[in-house]
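> Have a look at this one.
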Amino acid sequence: MEAISVFDIFKIGVGPSSSHTMGPWRAAQKFLAVLHQRRVLGSVVRVVTELYGSLAKTGHGHGTDIAVMLALSGDDPVTCDTSTISDRIAAIKEARRIRLPGGPSDRPKSIDFDYDHDILFHVHSPPLPFHANGIRFTAHLESGQRISETYYSVGGGFVVQEGEHATGDRAVTLPFHCNTGEDILRHCRTTGMSIPQIVFQNERVWRADADIRAGLLAIWRAMAECIYRGCHPATDGTLPGGLEVARRGGVMNRKLIQGFGSSGIREYDDLEGWLDVVRHSTREFQQILKWVSTFALAVNEENAAFGRVVTAPTNGAAGVVPAVMMYYWCFSPPGRSTEQGIIDFMLTAGEIGSLFKKGATISAAMGGCQAEIGVSSAMAAAGLSQCLGGSPGQVLMAAEIAMEHHLGMTCDPIKGLVQIPCIERNTMGAIKAITAANIALESDPDKARVSLDDVIKTMWETAQDMMGKYKETAEGGLAVNVSVGISEC
């Protein structure tokens, strides 16, 4: 099986969807690389993008078209200015031109671009055979020649080119191959190492020790900043897309810190100041529960607003792991939360995510929402159990418990937007993760009747049995039973 790094599972990008936004964005960049490699960019007069399967059916609501236009313009999801996305897209449509980026052997090239004819949503066509998320690019050259490439967005921002081996450049030799939960337990037993120590050894194949630590802490920082932005939006208002979904992160944040200290709301003007307020605001169970929900809501409201988030393992489920990590960071007993704990959390959670990708799927278009919220909840439960002193068996047990209670969850986004029920589902996934961790930490994993490998196998079988309309198509469930007005998509 493929060797998956923790940095493949946790990736910084732009909302609202890893499979429908991040994946197509990366696919378009790959296609541009093909044009550069063939030294034909200067001869391109038109680029047509065709979307199939779930990308066609919910691509409008997920911003697939926006991702493609930004990618073809040379923007990158890690570095682009998310505050100007709407203006840039409007300018491209109005000018009816798009500027392809230059490269080592090509200058930038401005070409005609007709949105209605150059991005085609094949809603009524069958999906392409390899995966439900298919995208095909065709470059028309001055000579009349056409160059076409087909890609598949397979979940979590991972992209596979047609004809490419799925392992790609991740087919490396690791010191500890972990394709199953049993593999992990065996390595821990024979070496005496913990799960994050095993994963760290594997990560050294790709990166130096200092780079692993720095990279994980940078991702944690991006998660925390995303929560902060979601708790302090420029305006509470509503999310884009026409559903008029009210933002609640800012409202809940203000209510929770109201009255803290002798002079009301304590003054702060940055992330660190806010974290200090949150950390000292309460030790009451009910208030902590509200904070966890606020953290998750904040992330996924940012995600829905085309903000910068971290796939964990996807954008639609991006709020679960950060919310539980923030719970650990702010509400652990004094002295318990440390940077090393954050690193161990991410190493553990990332490895659990990779097990689901190898043994099942992390794509809602293939497996429904169990593949997103369910996997993220299992990841968070495992990470938290590790940080709270769980044994390897208890850590895997926590992941199993969390997924067991997400089995069969469908993906039925109203109007194809990553808003209802997606945003609130992140709060549920976070709370379930904390509950699963607490149960596992008080249990003997040797007496468990269901293993993590059992639940991964069951999840994949459930995914294959699930009707297609419940797999991110907006053709079933809440998407067809809730009547909502919508002005634009």
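> Being hydroxyl-bearing (Ser, Thr, Tyr) and not in a helix (DSSP H, G or I): is that true of residue 49 here?
yes
> Here are some residues: 56, 27. Which one is under 21 Å from residue 129 (Cβ atoms), crowded, with 24+ Cβ neighbours inside 10 Å and among the aliphatic types (A, V, I, L, M)?
Numbers: 56 fails: crowded, with 24+ Cβ neighbours inside 10 Å.
Just one listed residue meets the conditions, 27.
> Right, here's the next one. Determine which member of the set 361, 410 is crowded, with 24+ Cβ neighbours inside 10 Å, of a type in the set (Val, Ile, Thr) and farther than 26 Å from residue 336 by Cβ.
Of 361, 410, the one residue that is crowded, with 24+ Cβ neighbours inside 10 Å, of a type in the set (Val, Ile, Thr) and farther than 26 Å from residue 336 by Cβ is 361.
> Okay, next question. Out of 469, 432, 447, I need the residue that is in the same structural domain as residue 247 (by TED's automatic domain parsing), basic (Lys, Arg), touching a helix residue (DSSP H, G or I) at 6+ places or on another chain (Cβ under 7 Å) and at pLDDT 95 or above. Which one?
After ruling out the rest, the residue left standing is 432.
> Inspect the range 389-412 for any residue being closer than 24 Å to residue 298 by Cβ, in contact with a Lys or Arg (Cβ under 8 Å, 6 or more places away or on another chain), touching a residue at least 60 places away in the same chain (Cβ under 8 Å) and not charged (D, E, K, R) and give the result as yes or no.
Looking for residues that are closer than 24 Å to residue 298 by Cβ, in contact with a Lys or Arg (Cβ under 8 Å, 6 or more places away or on another chain), touching a residue at least 60 places away in the same chain (Cβ under 8 Å) and not charged (D, E, K, R), one finds at least one in the range 389-412, hence yes.
> Can you find even one residue in the range 385-400 that is out of contact with any Leu (no Cβ under 9 Å at 6 or more places or on another chain) and among the charged types (D, E, K, R)?
no
> Quick one: what pairs do we get from the range 465-476, first residue surrounded by fewer than 20 Cβ atoms within 10 Å (Cβ to Cβ), second at pLDDT 95 or above and among the aromatic types (Phe, Trp, Tyr), C-beta under 6 Å, 6+ apart or different chains?
Close Cβ pairs satisfying both conditions: 476/470.
> Shifting gears a bit: Please determine, by comparing only the residues of the range 397-440 that are under 22 Å from residue 294 (Cα atoms) and of a type in the set (D, E, K, R), which one is nearest to the chain's Cα centre (by Cα).
The extreme case among them is 425.
> Let me ask something else about it. From 318, 365, grab the single residue that is within 16 Å of the chain's Cα centre (by Cα), at pLDDT below 95 and either at negative phi or not in a strand (DSSP E or B) (or both).
Among 318, 365, only 365 is within 16 Å of the chain's Cα centre (by Cα), at pLDDT below 95 and either at negative phi or not in a strand (DSSP E or B) (or both).
> Condition first: in contact (Cβ under 8 Å) with a residue 12 or more places away in the chain, under 30 Å from residue 4 (Cβ atoms) and either surrounded by fewer than 24 Cβ atoms within 10 Å (Cβ to Cβ) or in the same structural domain as residue 384 (by TED's automatic domain parsing) (or both). Can you find one or more residues in the range 284-292 that meet it?
Yes; the residues of the range 284-292 include at least one that is in contact (Cβ under 8 Å) with a residue 12 or more places away in the chain, under 30 Å from residue 4 (Cβ atoms) and either surrounded by fewer than 24 Cβ atoms within 10 Å (Cβ to Cβ) or in the same structural domain as residue 384 (by TED's automatic domain parsing) (or both).
> Looking only at the range 420-464, count every residue that is outside any helix (DSSP H, G or I) and not charged (D, E, K, R) and tell me the total.
Step one: list which residues in the range 420-464 are outside any helix (DSSP H, G or I), which gives 420-421, 442-444, 448-451.
Among the residues that remain, those that are also not charged (D, E, K, R) are: 420-421, 443, 448, 450-451.
Adding up the residues that qualify gives 6.
> Which one of these is outside any helix (DSSP H, G or I), touching a Phe, Trp or Tyr at 6+ places or on another chain (Cβ under 9 Å), in contact (Cβ under 8 Å) with a residue 40 or more places away in the chain and not β-branched (Val, Ile, Thr): 23, 59, 13?
So the residue among 23, 59, 13 that is outside any helix (DSSP H, G or I), touching a Phe, Trp or Tyr at 6+ places or on another chain (Cβ under 9 Å), in contact (Cβ under 8 Å) with a residue 40 or more places away in the chain and not β-branched (Val, Ile, Thr) is 13.
> Among the residues of the range 222-251, which ones are aliphatic (A, V, I, L, M) and not in a loop (DSSP other than H, G, I, E, B)?
Selection gives 222, 223, 224, 227, 246, 251.
> If you scan the range 178-206, which residues turn out to be surrounded by fewer than 15 Cβ atoms within 10 Å (Cβ to Cβ), assigned to a loop (DSSP other than H, G, I, E, B) and without any contact (Cβ under 8 Å) to a residue 60 or more places away in the chain?
Selection gives 192, 204.
The values are calculated or read from the model by the stated rules, or taken from the named source; none is laboratory data. Here the structure is a predicted model, which is why all the values come from computation and not from measurement. Here the Cβ is made from the backbone with ideal geometry for all residues, glycine too, and neighbour counts use every protein chain on show.
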